[in-house]
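Beneath this line is the structure, given in structure tokens, with notes to follow.
Quick note: the coordinates plus some simple rules give every number you see, no bench work behind them. Predicted model only: the values in this text are computed from it and were never measured. Cβ coordinates were reconstructed from backbone atoms using ideal geometry, including for glycine residues, and neighbour counts include every protein chain displayed.
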């Protein structure tokens, strides 16, 4: 039990890095290609009259929110 | 969540996500750089994903590599928002964006396109449609816009 308590910070660090791994993989696989396509065709957002706040919210959701949820899957 | 089934489902769930995301990562690259049939395309993508998952589970260096890439989580959206054409939409303030107006007139409009038709061959020396040689074209041009 005592050694388990000593290892707790390391376990938490491992959890954090594994969550980061999933987050960066999500960004590389889904978010970045979407950014790439839509930033080249910004008129898409003009045509849909997308407010600036929604763009910021969408980017945060896509890059941090969704992969953050995904990383809640318990670690190895 | 999956922890209630013991440590193995937890590990499997993470690895499955790594495999899935790695497959999704490689598919567009394969699509751009190769000309594979759909079956081979999906098989190769899945194989790459499985190799990436296996490497992730076994190799500390690969995990360290992913850790080094992790600033991308913040960098990608920042680049999208501040250093792409989208930034003009964010920092344009409340400027009116000119858009096409909806026409109220219900008059029928016809557009006729003569593809690869040489206009010059219709014209006379005054750069008007030659009504002697092409009377029907000249009559049509008289009550329409042509260019």
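Would you mind classifying segment B:43-147 by shape? Square roots of the alpha carbon gyration tensor eigenvalues, ordered a ≥ b ≥ c; an a/c under 1.5 is rounded, otherwise it is prolate if a/b is larger than b/c and oblate if not. Write down the numbers at each step before the final one.
Values: a/c = 4.46, a/b = 2.53, b/c = 1.77.
Prolate, since a/c reaches 1.5 and a/b exceeds b/c.
Semi-axes of the equivalent ellipsoid for segment B:105-147, please: Cα gyration tensor eigenvalues, times 5, square-rooted, ordered largest first, whole Å.
The equivalent ellipsoid of segment B:105-147 has semi-axes of 22, 13, 8 Å.
Could you list B:48, B:137 so that the one with the fewest beta carbons within 10 Å of its beta carbon is first and the one with the most is last?
On the way: B:48 18, B:137 15.
The fewest-first ordering by Cβ neighbours comes to B:137, B:48.
For the Cα atoms of chain B, what angle does the longest principal axis make with the long axis of helix B:7-33, in degrees from 0 to 90, nearest 10?
30 degrees
Order by neighbour count: B:50, A:23, fewest other Cβ atoms within 10 Å first, most last.
Listed from fewest to most nearby Cβ atoms, that is B:50, A:23.
Once you sort the root eigenvalues of the Cα gyration tensor of segment B:38-84 as a ≥ b ≥ c, which label holds: rounded (a/c under 1.5), prolate (a/b larger than b/c) or oblate (the other case)?
Because a/c hits 1.5 or more and a/b fails to exceed b/c, segment B:38-84 counts as oblate.
So what is the 222 nm mean residue ellipticity for chain B from helices alone, if each DSSP H run of at least 4 adds -39500 (n - 2.57) and you divide by all residues, rounding to the nearest 500 deg cm²/dmol?
Helix contribution divided over all residues of chain B: -18000 deg cm²/dmol.
What is the Cα convex hull volume of segment B:2-90 when expressed per residue in Å³?
157 Å³
Roughly how tilted is helix B:38-58, in degrees to the nearest 10 and between 0 and 90, from the longest Cα axis of chain B?
30 degrees
Test of understanding: what is the full-extension gain from residue B:54 to residue B:82, defined as 0.36 nm times their sequence separation minus their Cα-Cα distance?
In short, 6.4 nm is gained.
Please arrange A:40, B:11 by how many other C-beta atoms lie within 10 Å of their C-beta, fewest to most.
With the fewest neighbours first, A:40, B:11 line up as A:40, B:11.
Most mobile of B:55, B:119, B:44 per a Gaussian network model of chain B (Cα springs, under 10 Å)?
Fluctuation is largest for B:119.
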